[in-house]
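What follows draws every value from the coordinates through simple rules; no lab data is involved. Computed from a prediction, not measured in an experiment: that's the story for all the values here. Cβ placement follows ideal geometry from the backbone for every residue including glycine, while neighbour counts extend to all protein chains displayed.
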Amino acid sequence: MNILVTGAGGQLGSELRDLAEAHSDWTFHFFDRSDLPLDNAGLLAEAFDRVQPSVCINAAAYTAVDKAESEKEQAYAINGTAVGALALLCARYNALLLHVSTDYVFNGEGKQPYRETDPVSPLGVYGASKLEGERLALAAHKKVVIVRTSWVYSYYGKNFVKTMLRLLREKESIGVVADQLGRPTYARNLAKALLGIVAEYKQCSDNRFHGVYHYADRGEITWFDLASAVKELIQAPCVIHPLTTAQYPTPARRPAYSVLDTTRIEEAFDVDICDWKDSLRRCLARF
């Protein structure tokens, strides 16, 4: 089975590359942004023609949430139009498209974990562009699994946990937002879940392989809670002060509540959801 992976240089793509070694019966073809920019339709078509994939895992995205507010065209080109193009190519080759989306499709005004069927209403360009990609993909192909996730961190790339590791060692005190609630996601866990879906797809084909699912590690916490857990695990003396969202203004609005309900993916694919702090501990051990 040929598996084409985009975004191979990012957090999720790097974790997928590490895990690929355990699947010797599958042939992975990894493409990073320099190899395969998603907004280049010609290169996408050439890559599909060369690989002839059974599965495409789209781990690439425009993820600069604040810059997206001033780079709307680029965000939509990568998160929207390109995802639709990927779905059309997957349809041409009868391949499954596994596409990763975001909790930012919700406005954060909810009071209970968001289910896949809940109304979407993005607050900014990033969330709106990701939602556009979802819609285009689902309309273009009958084999599209969209996995929305939240608060992703990893040993690789740039992310909140790595920033906290640096600041907690460099500063005497820092401030972290304490009024936004969500579920952190260790990218390695997400990568395992995606490969688990691929394994299921290899064995059967049914309506599970078209639709939207949510994946995140178990536990509802704030960014302040996550930073405090990092501080505790590395035993840093730095003092962390809780901030309100208003005290930490950003160009893009963040959802105040973006907890995702993961029941559907657990039941459909027998996915194991890990505790957020255990996952954080495992990630930090790699440093």
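If I stretch the segment between Met1 and Asp25 completely, what's the gain in nm (0.36 nm per residue apart, minus their alpha carbon distance), one decimal? Spell out each step's value before the answer.
Numbers: separation 24, 0.36 × 24 = 8.64 nm, distance 0.74 nm.
So the extension gain works out to 7.9 nm.
Starting from the Cα gyration tensor of the stretch 1-64, take the square roots of the eigenvalues, sort them a ≥ b ≥ c, and report rounded, prolate or oblate (rounded when a/c is under 1.5, otherwise prolate if a/b is larger than b/c, else oblate). Kindly include the intermediate steps, with their values, before the conclusion.
Details: a/c = 2.52, a/b = 1.16, b/c = 2.17.
Oblate, because a/c is 1.5 or more while a/b does not exceed b/c.
Within 10 Å, count the other beta carbons around each residue, average over each peptide in 58-65, 220-227, and list them highest first. Don't skip to the answer; put the middle values down first.
Working: 58-65: 22.6, 220-227: 20.0.
Listed from highest to lowest mean packing, they are 58-65, 220-227.
Need one word for the stretch 112-165: rounded, prolate or oblate. Basis is the Cα gyration tensor (sqrt eigenvalues a ≥ b ≥ c); a/c below 1.5 gives rounded, then a/b vs b/c decides. Provide the component values of the computation, followed by the final result.
Numbers: a/c = 2.14, a/b = 1.75, b/c = 1.22.
Because a/c hits 1.5 or more and a/b exceeds b/c, the stretch 112-165 counts as prolate.
Mean Kyte-Doolittle hydropathy of -1.0 or higher plus an axial Cα length of 20 Å or more: which whole DSSP H helices in the chain meet both? Spell out each step's value before the answer.
Numbers: long enough: 125-140 (22 Å, 0.28); 187-203 (25 Å, 0.16).
In the chain, the long hydrophobic H runs are 125-140, 187-203.
Please figure out what share of the DSSP beta bridges in the stretch 151-287 is antiparallel and state it in percent, rounded to the nearest 5. Before the final figure, lay out the partial values.
Details: 2 of 11 bridges.
Around 20 percent antiparallel, to the nearest 5.
Compare Cys56, Cys274, Cys204 in a GNM of the chain, Cα atoms joined below 10 Å, and give the one with the largest fluctuation.
Cys204
With a cut-off of 8 Å between alpha carbons and a minimum separation of six or more residues, what is the relative contact order of the stretch 138-287 in percent? All intermediate terms of the calculation are to be shown ahead of the outcome.
Values: 225 pairs, mean separation 55.3, N = 150.
Relative contact order, the stretch 138-287: 37 percent.
Among Lys111/Lys158; Lys67/Lys111; Lys231/Lys277, which pairs are too far apart, with a Cα-Cα distance over 23 Å?
Working: Lys111/Lys158 30 Å; Lys67/Lys111 28 Å; Lys231/Lys277 12 Å.
Among Lys111/Lys158; Lys67/Lys111; Lys231/Lys277, the Cα-Cα distance tops 23 Å for Lys111/Lys158; Lys67/Lys111.
If you bin the C-alpha pair distances of the stretch 39-188 every 10 Å from 0, what whole percents do you get?
Pairs per bin, as whole percents: 10, 34, 34, 16, 5, 0.
Counting pairwise Cα distances across the stretch 126-232, what percent come out greater than 18 angstrom?
Numbers: 3425 of 5671 pairs.
In whole percent, the share of Cα-Cα pairs in the stretch 126-232 beyond 18 Å is 60.
What percent antiparallel are the DSSP beta bridges of the chain, to the nearest 5? If you can, show how the numbers build up before the last one.
Working: 2 of 35 bridges.
Approximately 5 percent, going by the DSSP bridge assignments.
Determine which residues of the stretch 181-212 fall in the zone a paramagnetic label at Arg282 would reach in this model, i.e. backbone nitrogen under 12 Å from the point 7 Å along Cα→Cβ.
186-193, by backbone N distance to the label point.
Who wins for biggest fluctuation among Ala95, Ala128, Ala229 in a Gaussian network model of the chain, springs between alpha carbons below 10 Å?
Ala229
Once a ≥ b ≥ c are taken as the square roots of the eigenvalues of the Cα gyration tensor of the stretch 220-287, is the result rounded (a/c under 1.5), prolate (a/b larger than b/c) or oblate (a/b not larger than b/c)?
Working: a/c = 3.04, a/b = 1.24, b/c = 2.45.
Because a/c hits 1.5 or more and a/b fails to exceed b/c, the stretch 220-287 counts as oblate.
State, in angstrom, two size descriptors of the stretch 50-137 derived from its alpha carbons: Rg to one decimal place and Dmax to the nearest whole number.
So, for the stretch 50-137, Rg and Dmax equal 14.0, 47 Å respectively.
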